[in-house]
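Chemist: Below are the structure tokens for one structure; questions will follow.
The values are calculated or read from the model by the stated rules, or taken from the named source; none is laboratory data. As the structure is a computational prediction, the values presented were derived from the model and not from experiment. Here the Cβ positions follow ideal geometry from the backbone for every residue, glycine too, while neighbour counts run over all protein chains shown.
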Amino acid sequence: MDADLDGLRVVLRPGALRAVPDEADRLGAHRILLVAGGSAAAHGDTVAGLLGDRLAGRLTEVAQHVPVDLADRAVRLAREVRADLVVTIGGGSATGLGKAVARETGLRVLAVPTTFSGSEATPVWGLTQGGRKTTGRDPRVRPVTVVYDPDLFRTLPRELAVTSALNALAHCVEGLYAPDATERTNRWATDGISLLTGGLSRPGARLLDLLVGGLDAGLVLGATTMGVHHKLAHVLGGTYRLPHADTHAVLLPHVIAANAPAAPDAMARAGQAMGRRDVAAAIWDLAHDNGAPTSLAALGWPAGAADDVIDAVLAAPPPNPRPLDRDWLRALLLAAHRGDTPA
């Protein structure tokens, strides 16, 4: 599949990793900065070999939440090698580092995702410094081309695949009650919820469902304003270094249970897409049945820090269907810490 979705060129087919040099040619790029490390290092080696002398530089260090010092080093390298395109291979951490370079240099980004984070479809950037994560939107950081190769996902560890898909599901559900939701974003959201739910529930159809559902989720995230779920996840991840996708997986059913009475239309849409009336319970079951973590305690977060997290959320409160209140936020965090079923 080669398509244009909301101004984003999407290439999706088995073996598409080998098409990266052709896609770089399409963009007129001759000096490419490659971001590929960690579990994506071998894929980076493949692309580096295919690019030949067009490879101007390579970054193999990636980190969740994109520390500012790492971003600064990446920007310096891009300028030193006179790059004219950034190619990222990996999950949200690799994509996020490429976005950090694009934000400072104006370079275009070609993304090759290896998880279902959806970051590759958004203009959202994030940086962490001094235990605080800052996010924003800038159209310059949105990748211009995304290459999806199903073969890259077949070796994705099951736990990461599940938590990454639940992270994507969070984009869709919060997008349904976003203040700037539209019929178009609602279609992406409900399609994404249906595909992601199916992908997590039916192993035979899992991979393609999760790939396309993750893309839908990214489109929703890029076009709508997220609520308290994402704010909590960013505070917990940036301050306490909790794993990003795992944190989303733990928080989501509790946030949805808290917001559901204030967002009946959104919950009706989500429930219809999932085939369940109780959306929070359905998400909890997906996480539990697929072996995802279900408590913040298991991720290493101390319950005694709840008020510090709440202070950070209330200092810059996001839009949310239920007005933010210290008491229910504390109850939500403590329930998520214990691993309670959502109520």
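Chemist: Go through (1) crowded, with 22+ Cβ neighbours inside 10 Å; (2) of a type outside the set (A, V, I, L, M); (3) farther than 19 Å from Glu183 by Cα for Pro261 and report which single condition fails.
Modeler: For Pro261, the failing item is (1).
Chemist: Output the number of residues of the stretch 144-192 satisfying the condition of being touching a Cys at 6+ places or on another chain (Cβ under 9 Å) and surrounded by fewer than 20 Cβ atoms within 10 Å (Cβ to Cβ).
Modeler: Of all residues in the stretch 144-192, those touching a Cys at 6+ places or on another chain (Cβ under 9 Å) come to 188-192.
Those left that are additionally surrounded by fewer than 20 Cβ atoms within 10 Å (Cβ to Cβ): 191.
Residues flagged as touching a Cys at 6+ places or on another chain (Cβ under 9 Å) and surrounded by fewer than 20 Cβ atoms within 10 Å (Cβ to Cβ) within the stretch 144-192 amount to 1.
Chemist: Inspect all residues belonging to the stretch 170-192 and state whether any of them is of a type in the set (A, V, I, L, M) and without any contact (Cβ under 8 Å) to a residue 24 or more places away in the chain. It would help to see each step written out before you state the result.
Modeler: Our first condition is that a residue be of a type in the set (A, V, I, L, M); within the stretch 170-192, this holds for 170, 173, 176, 178, 181, 189.
Checking the rest, the ones that are also without any contact (Cβ under 8 Å) to a residue 24 or more places away in the chain come to none.
Within the stretch 170-192, none of the residues are of a type in the set (A, V, I, L, M) and without any contact (Cβ under 8 Å) to a residue 24 or more places away in the chain.
Chemist: Got at least one residue in the stretch 246-269 being in contact with a Pro (Cβ under 7 Å, 6 or more places away or on another chain) and without any contact (Cβ under 8 Å) to a residue 60 or more places away in the chain?
Modeler: no
Chemist: Over 14 Å from the mean Cα position of the chain (by Cα) and in contact (Cβ under 8 Å) with a residue 40 or more places away in the chain - does that describe any residue in the stretch 159-169?
Modeler: Yes, the stretch 159-169 has at least one match.
Chemist: Next question, about the same structure. Please enumerate the residues belonging to the stretch 40-91 that are touching a strand residue (DSSP E or B) at 6+ places or on another chain (Cβ under 8 Å), closer than 15 Å to Val112 by Cα and in a helix (DSSP H, G or I).
Modeler: Ala40, His43, Gly44, Val47, Ala48, Leu51
Chemist: Which residues, counting only those in the stretch 72-102, are more than 15 Å from the chain's Cα centre (by Cα) and of a type outside the set (A, V, I, L, M, F, W, C)?
Modeler: Of everything in the stretch 72-102, those that are more than 15 Å from the chain's Cα centre (by Cα) and of a type outside the set (A, V, I, L, M, F, W, C) turn out to be Asp72, Arg73, Arg76, Arg79, Glu80, Arg82, Asp84.
Chemist: Which condition breaks for Thr239 when tested against (1) more than 28 Å from Leu210 (Cβ to Cβ); (2) in contact with a strand residue (DSSP E or B) (Cβ under 9 Å, 6 or more places away or on another chain); (3) surrounded by 20 or more Cβ atoms within 10 Å (Cβ to Cβ)?
Modeler: The failed condition is (3).
Chemist: Taking Leu211 as the residue in question, decide whether it is in contact (Cβ under 8 Å) with a residue 60 or more places away in the chain, surrounded by fewer than 24 Cβ atoms within 10 Å (Cβ to Cβ), outside the structural domain of Phe116 (by TED's automatic domain parsing) and part of a helix (DSSP H, G or I).
Modeler: It is true that Leu211 is in contact (Cβ under 8 Å) with a residue 60 or more places away in the chain, surrounded by fewer than 24 Cβ atoms within 10 Å (Cβ to Cβ), outside the structural domain of Phe116 (by TED's automatic domain parsing) and part of a helix (DSSP H, G or I).
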